[in-house]
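For reference, the structure discussed in these notes is given below.
The values are calculated or read from the model by the stated rules, or taken from the named source; none is laboratory data. If you're wondering where the values come from, they're calculated on a predicted model, not measured in any experiment. In this analysis, Cβ positions are derived from the backbone assuming ideal geometry, glycine residues included, and neighbour counts consider all displayed protein chains. Surface accessibility is based on the protein's heavy atoms, side chains included, excluding ligands, DNA and RNA. Shrake-Rupley method; radii C 1.70, N 1.55, O 1.52, S 1.80 Å.
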Amino acid sequence: MIGRASRERSARRAGVALGLALGTFAIAGPWLTSHRPAEQFPDSVYAPPMRPRVRDESGRFRMPFVYALRLESRLEHRFVEDRGRIMPLRLFRNGAILSVDPTDGSPWFPLGADALGRDQLARLAWGTRLSLGVALGAALGALVVGAIVGGLAGYAGGVIDEGLMRAADVVIALPAVYMVLALRAAMPLVLTTSEVFWTMVVVLAAVGWPFPARGVRAVVAAERVREYAEAARAIGASGTRILLGHLLPAARGFLVVQTTLLVPAFVLAEATLSFVGLGFAEPIPSWGSMLRDAGRGRTPVDAPWLLAPAAAIVLSALAVNLAAGAVVPSTAPPAGRGL
Amino acid sequence: MHRGLLTYLLRRLLLAAVLVFAVASAALVLVEAAPGDAVDGFDLDPAVAAAERHRLGLDRPFLVRYRDWVSRAVRLDLGESVKYGRPVGQLIGERAKKTALLGSTALLVATLVGLPLGVFTGSRRNAATAVAGALSLILVSVPPLVTSFVLLVLAARTGWFPVGGFPASGDATSLATTMTYLALPALALALPVAATLERLQSQAIREALEEPSVRAALARGCSVGRVTWRHAFRLSLKPVLAIYGVIVGGLLSGSFAVEIVTSWPGLGALMYEGLVSRDLYLVAGCAAAGSIFLALGILLSDVALALADPRTGGAA
């Protein structure tokens, strides 16, 4: 029988591995395919995912290959595998780790193609960069602001403490979605990609900072009166130095826990904003904007591979929940209100 | 009646009122600050647009309009929506009811499923509880945005439920019709919450079973089932109830995604429509209604927490 402790350990390991895999995909993903995310293939609209194979029709083993797709009905977007046309997979050619030669027949879509005949894998790879980038950037912003505000409140005490913490309480009591929507709406509806990126980072950080701030304040206020802080003060260290060099490091563990709560909440926030059309817009892929595409009409029923970004959202949350040994999950406090 | 509780409640309500007002004002200022206004969306002739702005009072300075809005808002008149041409209060009344219905149904379902399941998985260990635990760990990671998508696909494939939306005839629809349309969005919203509650309850009951009072009850010879459900369950309620205030906030956020995906005509969807069409007073009203929901939810969970605490013994 497996003990509880060892099961928790392997759950943590699985979470970390999953997180690393997502990170690797974000970095190396664009080299997995020879297509660019906005590249359209009119003959491959709603092409299904094409599975690599090692056995051909006659059951003979050969080097990895895919069958070319033949468009059977353009109207119904029906495709069949053309068993007669074998496209060998090539290593490190066409600017990708694995690809097929364009001259071999149809293009290769490992994750299928979307409504405009764009490579879903290329879009997912670039989208992962944007979505995780926004979430990590916003989490970093919220942590830095939270650490500064919380550190100041905990160290200064008195009126400053009272004022800053009341402000944090007010922000926490706001309905987060509605505030994020209103903050985003204060910007023009159409923005360039980098403007969208930074707007989202700032907006999400603005809603998320009170959660780390409250915890950091508690840690700093408790540590401030400990002997080592007294000693630093006695030998003449400045207030800033005591705060940054001695007290904030004590809140390190807490900040790590906060990160695991904020990141999934912000991933979801980006996806929701882009999904409703207030985030990244066509043709820029992010998990949210891809989901928006997938949600049109009956496509999620007819082309379920377009739900890949939903799977990515779930996997990112799962990675964090597993790694954090989450009994209290990321959808719960305190980041749960971060959308 | 305890005076302490009364003043506490009054102070909380006053704070909530101030907060609601602040949220509505902030929303108003933010949307005002955005480029474009409600008239732009209609693509009118410049002269007509100017006349329309004059009629709606949009050509007056913002501070004057804000003063008017405040003086009307204290009399619960939230102004008129440009998009719908109807009073904002009326619109919000209709839509907030739908969001409240969705949210409370989801919370009820999640509680009825999550808590007993949590007691079950927390109080014993076998293959079934391991599977249930793993399942809810996965489900916890699936946000309502995704569950509503998956359920939509399921509904479209099987035809078990209507695929989103709500019958147009509004209040005239029967309870049964409402239920069939409610099933999908409510389930989408409830699943992650149920999983969250299950995980928490499981952990809480496991800890409660280690408590000396519970051990003592076992030593006295009370049956395991009785001890689990009567003694330990009561002890475990505190950490679980403490989460409800947070869950209400999560429900409000999740409800927004579910409303958009499943075309459920709720408050979040209304706020979104208001934002896109730059409908100032509509946005402010929705933001206010949203913060009322949140404040109310947190207040209720605090009261429930006080009532469940054995030290106050329900007398608070």
If each part is reduced to its alpha-carbon centroid, region A:222-262 and region A:168-201 end up apart, in Å, by 31 Å
Taking a straight Cα-to-Cα line shorter than 15 Å from B:Lys83, and setting aside same-chain aspartates and glutamates fewer than 8 residues away, one finds B:Asp37, B:Asp40, B:Asp43, B:Glu52, B:Glu273, B:Asp279
Residue span A:Asp43 to A:Glu162: 0.36 nm per residue of separation minus Cα-Cα distance leaves a gain in nm of 36.4 nm
Chain A: longest segment with zero exposed GluC sites (Glu not before Pro), where exposed means DSSP loop plus at most 16 other C-beta atoms within 10 Å, is residues A:77-339
Counting only DSSP loop positions in region B:150-242, the GluC sites (Glu not before Pro) whose Cβ has at most 16 other Cβ atoms within 10 Å are B:Glu210
Two pseudo-spin positions, 7 Å from Cα along C-beta at B:Ser104 and at B:Arg220, lie apart in nanometres by 3.8 nm
Scoring region B:1-137 by relative contact order with C-alpha pairs under 8 Å, at least six apart, yields a percentage of 9 percent
Each residue of B:19-32 has, on average, a number of other protein chain C-beta atoms within 10 Å of its C-beta equal to 3
The answer for trypsin sites (Lys or Arg not before Pro) in region B:14-85 that fall in a DSSP coil and have at most 12 neighbouring Cβ atoms within 10 Å is B:Arg75
With every protein chain kept in place and a 1.4 Å probe, chain A has an accessible area per residue in Å² of 45 Å²
Quick calc, A:Arg53 & A:Arg74: beta-carbon distance into FRET formula, R0 30 Å, rounding 0.05, result 0.70
Averaged per residue, the 1.4 Å probe accessible area of region B:112-235, protein heavy atoms only, in Å², is roughly 48 Å²
For chain A the mean separation of alpha carbon contacts under 8 Å (6+ apart) over residue count, i.e. relative contact order in percent, is 22 percent
With every protein chain kept in place and a 1.4 Å probe, the residues A:Ile27, A:Ile242, A:Ile284 fall, from largest accessible area down, as A:Ile27, A:Ile284, A:Ile242
Mean-square fluctuation maximum in Gaussian network of chain A, Cα pairs under 10 Å, restricted to A:Pro188, A:Pro304, A:Pro285, hits A:Pro188
Excluding ligands, DNA and RNA, the carbon-plus-sulfur percentage of the accessible area of region B:74-220 with a 1.4 Å probe reads 66 percent
Trypsin sites (Lys or Arg not before Pro) in region A:67-142 lying in a DSSP loop, each with at most 14 other Cβ atoms within 10 Å of its Cβ, come to A:Arg74
Expected integer from the mean partner chain Cβ neighbour count at 10 Å over B:152-160 is 2
Between A:Asp82 and B:Leu154, the FRET efficiency computed from the C-beta separation at R0 = 41 Å comes out, to the nearest 0.05, as 0.80
A:Ala113 neighbourhood, Cβ < 11 Å, K/R = +1, D/E = -1, net charge -2
With +1 on the Cβ of every Lys and Arg and -1 on the Cβ of every Asp and Glu, the dipole magnitude of chain B about its Cα centre, in debye rounded to the nearest 20, is 1440 debye
In region B:229-314 the accessible area split gives carbon plus sulfur, as whole percent at 1.4 Å, a share of 70 percent
Heavy-atom accessible area of chain A with neighbours in place, 1.4 angstrom probe: carbon+sulfur share in percent works out to 65 percent
Inter-chain shielding metric for B:248-259, i.e. average beta-carbon neighbours from other chains within 10 angstrom, reads 6
Length gained if B:Val64 through B:Glu210 is fully extended, taking 0.36 nm per residue and subtracting the Cα-Cα distance, is 46.2 nm
In short, region B:116-138 residues buried by 40 Å² or more of accessible area relative to the isolated chain (1.4 Å probe) are B:Arg125, B:Leu137
Note: A vs B interface, total accessible area buried (1.4 Å probe; ligands, DNA, RNA excluded), nearest 100 Å², is 4300 Å²
